[in-house]
Structure formats: C-alpha cells, structure tokens
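A short worksheet on the structure shown next.
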Amino acid sequence: MGKQGSFIKRITDNVLCVLLLIISFPIFIISAIAIKLDSEGPVFFVQERTGLGGKSFKIYKFRGMVNNALEIGPELTQLNDPRITRVGKFLRRTSIDEIPQLINVLKGEMSLIGPRPEIISITSNFDSRQKEVFKFKPGITGYSQINGRQKLSPEQRVKMEIEYYSKSNFWSDLMIVTSTIKVILNNEGNI
C-alpha cells in the first residue's frame, strides 16, 4: 500500500502477500481439491493480461469455469454464464478465485491495490488517454473493484482508475482494503 511505484508500496505488498498466502493456505488447498472434484481440467486459469508499461503478463486465478470456456463462449464472463461451474460460483461469489494472484504480486507483476488488469483484446483498442492506466501496476483489488466491480464497462473502469491512482496514497489504499471486505461480503457488483 502507498504511492504507486514507491519502495514502501512494494515492501508492504510483499509482506502482506506472504502473510495472506500463509493465512489462506488451507483455503488454497481446499479450493484446489474442490475444483478437481467438480470438473475436468486444471486447477488454475491462466490468461494474458496487460500490466505496467503496457507489458503483458500471465495472471493466475482459480478456474471457475468449464475447462474449454473460451472455446465455447465469449472472452468476458456474462451474467448467469452457463460456463461457470458449481464450485466456480462459490469461488467467484467469495472472491476466493483471486487468491492465486498473490503469486503475481510476489513476482512483481501486480500489486495488492491497483487498476484492474484487463485482457489484451480490450487494451489493444485503448486510445492514448486510456493507455495512461499502464503507468500503474495492476492490483488484485482497487478503486473500480469497490465502485461497481463487474457492472462497469472497461472504459468506465479505466477512466475512474486513471483519475484515482494518479492521486492515491497509503491512506486511500487502506480505504480500498476495508471497502473491499465490505464489497465481498455483500457481493456488490459481482456477476
């Protein structure tokens, strides 16, 4: 947490990330077993996303859809998407599917708090103003995640994230952490 790109933010991310991995380890194991028992395919969903500086990276999530979801449907999840598995519904509802992104944080590809990392097919169409979001390391949670989540269009998310992260600091990050807990518990903005 802290000013984007600061040494303090990186250290805070790493320390909190290690603590969160230790705390969530039982959930990690139970989720992996549940995914394997519920449907065929890998435990993790790995997808190319656009990150800091417009560079692509592989994001890790627990797989919440059928194994061939991208082959049989749209790239973005839809409301009442039939490709979501039984376990996937629970993982998405509780945001447990996001836990593997802690690995991305440790690798330095993401931060705990930052803009949502979008898929390349969306970011490849960004105009010069929207590309300003690439100045900030993407996060597991962030301003758009507590202010509309998946109900926002990518364009709406990017606009609010550019405005917010250019002024963010430790205290605003702390506000996002506390608001994220409320949003997850209330399942606000999730599809």
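Between 102, 19, 52, the GNM of the chain built on Cα springs shorter than 10 angstrom shows 19 fluctuating the most. The relative contact order of segment 1-156 comes to 25 percent, based on Cα pairs under 8 Å that sit 6 or more residues apart. Only helical runs count toward this figure. For the chain, summing -39,500 (n - 2.57) over DSSP H runs of n ≥ 4 and dividing by all residues gives -14000 deg cm²/dmol at 222 nm. In a fully extended conformation the segment linking residue 187 and residue 6 would gain 62.0 nm over its present Cα-Cα distance, using 0.36 nm per residue.
Legend: helices of the chain (whole DSSP H runs) are marked when their alpha-carbon atoms reach 30 angstrom or more along the helix axis and their mean Kyte-Doolittle hydropathy is at least 0.5; marked are 7-38.
For the chain, the antiparallel share of DSSP beta bridges with both residues in that region comes to about 80%.
Among 110, 65, sorting on how many other beta-carbon atoms sit within 10 Å of each Cβ, with the fewest leading, yields 65, 110.
In the Gaussian network model of the chain, springs joining C-alpha atoms below 10 Å, which of 156, 101, 145 carries the largest mean-square fluctuation? Its mean-square fluctuation being the largest, the pick is 156.
Under the simplified labelling scheme, the residue 90-residue 167 pair shows an inter-label distance of 4.2 nm, with each label point 7 Å from Cα along Cα→Cβ.
Whole angstrom only: what separates the Cα centroid of segment 16-55 from the Cα centroid of segment 109-161? Result: 20 Å between the Cα centres.
Between residue 27 and residue 120, the contour length at 0.36 nm per residue exceeds the Cα-Cα span by 30.5 nm. Largest mean-square fluctuation among 80, 67, 104, in a Gaussian network model of the chain whose springs join Cα atoms under 10 Å apart, belongs to 80. The chain gives an Rg/Rh value of 0.94, both radii derived from C-alpha positions and Rh following Kirkwood. With 20 Å as the limit, write out which pairs from 159/182; 107/131; 36/61 have Cα-Cα distances beyond it, or answer none. Listed pairs above 20 Å: 159/182; 107/131.
Available extension along the chain between residue 71 and residue 43 is 8.3 nm, counting 0.36 nm per residue and deducting the alpha carbon span. Under the simplified labelling scheme, the residue 16-residue 174 pair shows an inter-label distance of 1.1 nm, with each label point 7 Å from Cα along Cα→Cβ. Are there any GluC sites (Glu not before Pro) in segment 10-101 that are in a DSSP loop and have at most 13 other Cβ atoms within 10 Å? List them by number. The qualifying sites are 40, 75.
Here, each number is a calculation from the coordinates, and none is a lab measurement. Treat the numbers as computed from the prediction; the structure is a model and nothing was measured. Heads up, the Cβs are rebuilt from the backbone with ideal geometry, glycines too, and the neighbour counts pull from every protein chain shown.
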